[in-house]
Amino acid sequence: MVHGGLSSVVKGGLLPASSRQGTPMGDLPAFHASRDPKRAVITMNEVSVSREDFSARVNRRARLLQAHGVTEGDFVTMGLANGFEIYETAFAIWKLGATPNVVSHRLPAPEISAIIDLLRPKLVIGFDPALTQGAAAIPAATSAENYSAEPLPTRVSTYWKAMTSGGSTGRPKIIVDHMPSVWDPNLTAYGQIVDDVALNPGPMYHNAPFSLIHLGVFAGAHVVEMGKFDAHHALELIEKHRIQWVNFVPTMMNRIWRLPDRAQFDVSSLRVMFHMASACPVWLKQNFIDWLGPERVWELYAGTERQGGTIISGAEWLAHKGSVGRLQPGSSMRIVNEAGAQCAPGEVGEIYFLPDGGRNSTYHYLGAEPRAKGEWESLGDLGYLDDEGYLYIVDRRTDMIVSGGANIYPAEIEAVLDAHPAVQSSIVIGLPHEDLGHAAHAIIQPAHGKDALDVEELKGFLADRIAKYKIPRSFEFVTEPLRDDAGKARRSGLRQERLEKLKG
């Protein structure tokens, strides 16, 4: 057990790299159907699929993929919206001993072409064949009803998933996870329990929703799938379905917190609320702890690469406000300064991890090279440890702005801006400045349908909360969302667009 009150967390939330103990993932739907065939696996828009029906659907869809050439060891790229099909397809791929590569179904042509060029999948699902560079392709919602629902031979994928992320070069990179497609159905992770009731509010093409929700299904969870996040609807579903487990990102938490009728919903069934993927402002986390109680609020800091990570409970956080927790079993961590020396407690440096199995034991990249010092690898984050070993994230190294010789961390400014009642979301970037080298520029999406806010009032709000040199030199107001439902921001893209305007 890790932390009182939290269910067993596999290697502290970092999945094993090479274990083949347990049941092949493709066989898990049949395993759970044999225990309780009528229990729901997925519910979406008040339509449910039972375990026995889901198992049959997986077999049919596996035969469909097999008919299109998919076999053991292959990669399959799927661009599918959240829904029944994406769950069926993932299990069908594992059933054949292949590896799912999950991408957004809204990817523009250059991005999907770049991914296919890197991965060379056997089959592409959900995209125009004209974009697949010769790889076989089928559209989304291709029916598998005419295929047999009889069981297929057991297969195990060498890699259980291959997730896609942005690369430092501007081209996509693929993170191939080294865990094989095997899982013990009695093994739970991240505070889940066997036969849990979980809500999925996030897009499945992001690693956290795909991984955590499937880990729940592996252990018999009933997943209530939102399709697309809406704060009000999330609370409705928690109340109606007596949701026990959910993973949010701070963007979702912020939208929920601002609902005027939030307190009217019954969320007493919620046992665990995890959050991760981006920095959570202290004020927002404090409010959620006050609302839900510290025993229900948990945070994970880790990368898709699984070199290492930290977890913190709400109770621990109250004693270490702003921390993302302590290192979990399965890896080592060090904070390194610019000179390459290990940092003392309280000294900011770059965070490096080394898994117990050694470098390259948990993943490998396609289309990128790790940021590394010897065997140790970094996700590019800056932070420090306190005297008790609790980690604090300061910012992404690549996002740091050096202005007049001072280091400015955008995440700190964004946390304060997002606390303003008239700000829906914000992104702070560095833009060239004749005198300072670079200066902070705030891009703001106003709340309540406003087109703009009073800049001087915003500056005054900031001045009460952060040092004067951190206050952005310029402000811009936009109407489009700055982050997606998974809390991800196109920070480099937003900066490049503004640099192009400056050049013009």
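What base-10 log of the normalised intensity I(q)/I(0) is obtained for segment 375-430 from the Debye formula, alpha carbons as equal point scatterers, at q = 0.17, 0.18, 0.23 Å⁻¹? Relative scattering, expressed as log10 I(q)/I(0), comes to -0.69, -0.75, -0.97.
Shape class of segment 248-377 from the alpha-carbon gyration tensor: prolate, with a/c at 1.5 or above and a/b greater than b/c. When Rg and the Kirkwood Rh are both derived from Cα coordinates, the Rg/Rh ratio for the chain amounts to 0.96. On a per residue basis, the convex hull of the C-alpha atoms belonging to segment 192-302 measures out at 95 Å³. Using the Cβ-Cβ distance between Asp290 and Gln496 with R0 set to 35 Å, the FRET efficiency works out to roughly 0.30. The angle between the Cα long axis of helix 231-241 and the longest principal axis of the Cα atoms of the chain comes to about 40 degrees, rounded to the nearest 10.
Please state the shape class of segment 325-375: rounded when a/c is under 1.5, otherwise prolate if a/b exceeds b/c and oblate if not, all from the C-alpha gyration tensor. Since a/c reaches 1.5 but b/c is at least a/b, the shape of segment 325-375 is classed as oblate.
Using the rule -39500 (n - 2.57) for each DSSP H run of four or more residues, divided by the residues of the chain, the 222 nm mean residue ellipticity is -7500 deg cm²/dmol.
The accessible-area ordering, largest first, of the residues His178, His320, His448 stands as His448, His178, His320, per a 1.4 angstrom probe. Across Trp183, Trp291, the residue with the most accessible area heads the list, and the full order at a 1.4 Å probe is Trp291, Trp183. If the reach is capped at under 19 angstrom between alpha carbons, list the aspartates and glutamates near Lys321, excluding any in the same chain fewer than eight residues apart. Counting by Cα, and skipping residues close in sequence, Lys321 has these aspartates and glutamates nearby: Asp290, Glu295, Glu299, Glu347, Asp381, Asp386, Asp387, Glu388, Asp395, Glu412, Glu414, Asp418.
Rg ratio for segment 326-457: its Cα radius of gyration over 2.2 N^0.38 Å, N being its residue count, equals 1.30. Under the simplified labelling scheme, the Ser474-Asp454 pair shows an inter-label distance of 2.4 nm, with each label point 7 Å from Cα along Cα→Cβ.
By the Stokes-Einstein formula, at 1.002 mPa s and 20 °C, segment 28-136 with its Kirkwood radius over alpha-carbon pairs has D equal to 147 µm²/s.
Shape class of segment 383-504 from the Cα gyration tensor (axes a ≥ b ≥ c, square roots of the eigenvalues): rounded, since a/c falls below 1.5.
Measuring against 29 Å, Cα to Cα, the residue pairs Lys285/Lys488; Lys228/Lys503; Lys240/Lys450; Lys38/Lys173; Lys285/Lys503 contain Lys228/Lys503; Lys240/Lys450; Lys38/Lys173; Lys285/Lys503 as the ones spanning a longer distance.
Once segment 175-235 is represented by equal point scatterers at the alpha-carbon sites, with solvent omitted, what log10 I(q)/I(0) does the Debye formula produce at q = 0.16, 0.21, 0.27, 0.30 Å⁻¹? Debye curve over Cα of segment 175-235, log10 I(q)/I(0) at q = 0.16, 0.21, 0.27, 0.30 Å⁻¹: -0.54, -0.86, -1.18, -1.28.
For segment 111-250, compute Rg over Rh where Rg is the Cα radius of gyration and Rh is the Kirkwood radius from the inverse mean 1/r over Cα pairs. Walk me through the numbers before you get to the answer.
Values: Rg = 17.6 Å, Rh = 17.7 Å.
Ratio of gyration radius to Kirkwood radius for segment 111-250: 1.00.
P(r) for segment 443-486: what percent of alpha-carbon pairs falls in each 10 Å bin, starting at zero? For segment 443-486, the binned pair fractions read 25, 48, 26, 1 percent.
Couplings 3J(HN,Hα) for segment 212-217, derived from phi with the Karplus relation 6.51 cos²θ - 1.76 cosθ + 1.60 (θ = phi - 60°), are 5, 5, 5, 4, x, 4 Hz, where x marks Gly and Pro.
Percentage of Cα-Cα pair distances in segment 223-283 greater than 19 Å, rounded to whole percent? Summing the P(r) tail past 19 Å for segment 223-283 gives 26 percent.
The values are calculated or read from the model by the stated rules, or taken from the named source; none is laboratory data. Computed from a predicted model, the values in this text were never measured in an experiment. Every residue, glycine as well, gets a Cβ built from its backbone with ideal geometry; the counts of neighbours run over all protein chains shown. What goes into the accessible areas is simple: the full protein's heavy atoms, side chains included, and nothing from ligands, DNA or RNA. Shrake-Rupley method; radii C 1.70, N 1.55, O 1.52, S 1.80 Å.
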